[in-house]
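Enquirer: If you scroll down you'll find the structure; I have some questions about it.
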Amino acid sequence: MVKKIFIKTFGCQMNEYDSNRIYDSVKKIGFEKTDKYEDANCYILNTCHIRDKAKEKVYHEIGRVKKKFRFQKKPIVIVAGCVAQAENQEMLKREPYIDIVIGPQAYHKINDTILNYFKKKKKYDETEFDTISKFNYLSKIKNKDSKISSFLTIQEGCDKFCHFCVVPYTRGPEYSRPFTQIIKEVVELIQNGTKEIILLGQNVNAYSYREKNKEFRLSDLILELEKFSEIERIRYTTSHPKDMTEDLLNVYKKSKKLMPLVHLPVQSGSNKILKLMNRKHTIEEYLKIYKKLKDINPNIEFSSDFIIGYPQEEEEDFKDTLRLVKNIKFVNSYSFIFSPRPGTVAADLDLVDKSQSKARLEIIQKLLFEYQISKNKSLEQKIVNVLVENQMKDKVKLFGRTEHMTSVIFDGGIENIGKIVQVEISSSSQNSLFGKIKRNYNQKVA
Ligand code: SAM
Ligand code: SF4
Ligand code: F3S
């Protein structure tokens, strides 16, 4: 009998990539993906620990599953991801409904752990950092992701230890996958129909792989991907300003497929706060990168992450952040109030008054949204290049993205999926553009 597996994924794109790879792996032991969790024989929660009450959210989700399966045979319940890594044994003790806890660097053991659980009914905690084995194992299993735009993790972990962040503790030290292993996976994705590759890493631009005295960097990978005629677009995320090296900046001069959107988290516009955060870069250095890229191509836009209300953030510091936002006019950004994370340096610092942080968050989000809305509005009655990803649920409209990652919803037939088309924008909202196909990008104009 075919067994069914359901994975609920929280957190960043790297978790999404991992969940897809888990699906690929468990196929080997007879598990098939299901979209209905109530049908699952194996229920996996792939968790995120970055903010808020991450741990409590997990117990809440498990409670829901428990309730649903009250009168049914219980599935194997697995907690994976960053909360699993941070909490490990504790979870098995606190919630007996959980059978296996597995950290992000132990997914090469997932099949054996599940099989062992079936045989011995013994609870497992697999939370060792073994990134090399993980990727060696995964590279032997074909990546079956069949999306037009696919994620591909090339780097994991972080050695930077920003004082607010759990990632170095949950994902372990920086590791870069072998160059040839990545290219092999690119070929698999191309065979599945991928047209856009989004290279992933917690510090993707720190990618560095050495072989025979030669160092391969992110810039080398991008230029290698560029050679595949099937690949139309290349993106990478998330970057650290400290690793925006000259070779990477210069790729923007050479590459035709690298998209003109740079997601470069700055966190704060105040040098004082950046220092307290242990960010290892200044605003002046950030602005230098911005200027260099704009000089190379004025069409390049920036998006960013902001932490509001970091301990000791004063009105002046917040104004510095607003000044930076007004200066750069980020197109699409994430902003959150600082959330103290257990085990990090900033865990026990005195917090900025909550109502003040909330008020600041509202102000910055309003400003960021204004830029987003006006950028989208400026595209009305213009023609944009869109990579068509799929058909909308209504089976009438198509969905795709502009070069700057903005969602576009438009009329058109499914024969356009996977192609770059030119869409005439008729209206816009904060997050999306709407219009109709003008013509296929490669079609000759009469
Ligand atoms: N490596 C990336 C960098 O250096 O900016 C960021 C990766 S982190 C997974 C994604 C974002 O989560 C960060 O850019 C930061 O804005 C946010 N974040 C991390 N820890 C946080 C915390 N304790 N409170 C609020 N936001 C946090
Ligand atoms: Fe977290 Fe800083 Fe590492 Fe980014 S660079 S993952 S924010 S510790
Ligand atoms: Fe969350 Fe872990 Fe990603 S904490 S943001 S899932 S690296």
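The values are calculated or read from the model by the stated rules, or taken from the named source; none is laboratory data. Keep in mind that what you see is a predicted model, and the values were worked out from it rather than measured. Methodologically, a virtual Cβ is constructed for each residue, glycine included, from the backbone with ideal geometry; neighbour enumeration extends over all protein chains shown.
Table: residues versus (1) surrounded by fewer than 20 Cβ atoms within 10 Å (Cβ to Cβ); (2) under 16 Å from ASN278 (Cα atoms); (3) more than 15 Å from ligand 1 (Cβ to nearest atom).
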{"residue": "GLY309", "(1), (2), (3)": "no, yes, no"}
{"residue": "GLU315", "(1), (2), (3)": "yes, no, yes"}
{"residue": "LYS319", "(1), (2), (3)": "yes, no, yes"}
{"residue": "LEU322", "(1), (2), (3)": "yes, no, yes"}
{"residue": "ILE328", "(1), (2), (3)": "no, no, yes"}
{"residue": "PHE336", "(1), (2), (3)": "yes, no, no"}
{"residue": "PRO340", "(1), (2), (3)": "yes, yes, no"}
{"residue": "VAL345", "(1), (2), (3)": "yes, yes, no"}
{"residue": "LEU349", "(1), (2), (3)": "yes, yes, no"}
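Enquirer: Exactly one of (1) closer than 17 Å to SER146 by Cα; (2) buried (at least 21 other Cβ atoms within 10 Å of the Cβ); (3) within 16 Å of ligand 2 (Cβ to nearest atom) is unmet by ILE22. Its number?
Expert: Condition (3) is where ILE22 drops out.
Enquirer: Determine if the stretch 7-18 includes at least one residue that is small (Gly, Ala, Ser) and either within 16 Å of ligand 1 (Cβ to nearest atom) or touching a residue at least 40 places away in the same chain (Cβ under 8 Å) (or both).
Expert: Narrowing the stretch 7-18 to residues small (Gly, Ala, Ser): 11.
Checking the rest, the ones that are also either within 16 Å of ligand 1 (Cβ to nearest atom) or touching a residue at least 40 places away in the same chain (Cβ under 8 Å) (or both) come to 11.
Within the stretch 7-18 (the criterion being small (Gly, Ala, Ser) and either within 16 Å of ligand 1 (Cβ to nearest atom) or touching a residue at least 40 places away in the same chain (Cβ under 8 Å) (or both)), the answer is yes, since at least one residue qualifies.
Enquirer: Pairs, please: C-beta under 6 Å, at least 6 apart or cross-chain, first residue hydrophobic (A, V, I, L, M, F, W, C) and outside any helix (DSSP H, G or I) and in the stretch 80-97, second at pLDDT 95 or above and within 16 Å of ligand 3 (Cβ to nearest atom)?
Expert: From the stretch 80-97, the pairs are ALA80/ILE44; ALA80/ASN46; ALA80/ILE102.
Enquirer: For VAL262, all conditions in the list (1) surrounded by fewer than 21 Cβ atoms within 10 Å (Cβ to Cβ); (2) out of contact with any helix residue (DSSP H, G or I) (no Cβ under 6 Å at 6 or more places or on another chain) hold save one; what is the number of the exception?
Expert: Exception for VAL262: condition (1).
Enquirer: What is the one condition in (1) within 16 Å of ligand 2 (Cβ to nearest atom); (2) surrounded by 15 or more Cβ atoms within 10 Å (Cβ to Cβ) that TYR290 does not satisfy?
Expert: TYR290 satisfies all of (1) within 16 Å of ligand 2 (Cβ to nearest atom); (2) surrounded by 15 or more Cβ atoms within 10 Å (Cβ to Cβ) except (1).
Enquirer: With the checklist (1) crowded, with 20+ Cβ neighbours inside 10 Å; (2) within 16 Å of ligand 2 (Cβ to nearest atom); (3) not in a helix (DSSP H, G or I) in hand, flag the one item MET14 doesn't pass.
Expert: (3)
Enquirer: Considering only the stretch 28-64, how many residues are more than 16 Å from ligand 3 (Cβ to nearest atom) and surrounded by fewer than 16 Cβ atoms within 10 Å (Cβ to Cβ)? Explain how you work it out, then say what you get.
Expert: As a first pass, look at the stretch 28-64 and keep what is more than 16 Å from ligand 3 (Cβ to nearest atom): 28-43, 59-60, 62-64.
This time we only want the ones that are surrounded by fewer than 16 Cβ atoms within 10 Å (Cβ to Cβ), so: 28-30, 32, 35-36, 38-39, 60, 63-64.
Total meeting the criteria: 11.
Enquirer: A follow-up question, please. With the structure loaded, tell me whether THR180 is outside the structural domain of ILE273 (by TED's automatic domain parsing), touching a Ser or Thr at 6+ places or on another chain (Cβ under 7 Å), more than 13 Å from ligand 3 (Cβ to nearest atom) and hydroxyl-bearing (Ser, Thr, Tyr) or whether it fails that test. Let's see the steps before the verdict.
Expert: Numbers: outside the structural domain of ILE273 (by TED's automatic domain parsing): yes; touching a Ser or Thr at 6+ places or on another chain (Cβ under 7 Å): no; more than 13 Å from ligand 3 (Cβ to nearest atom): yes; hydroxyl-bearing (Ser, Thr, Tyr): yes.
No, not satisfied.
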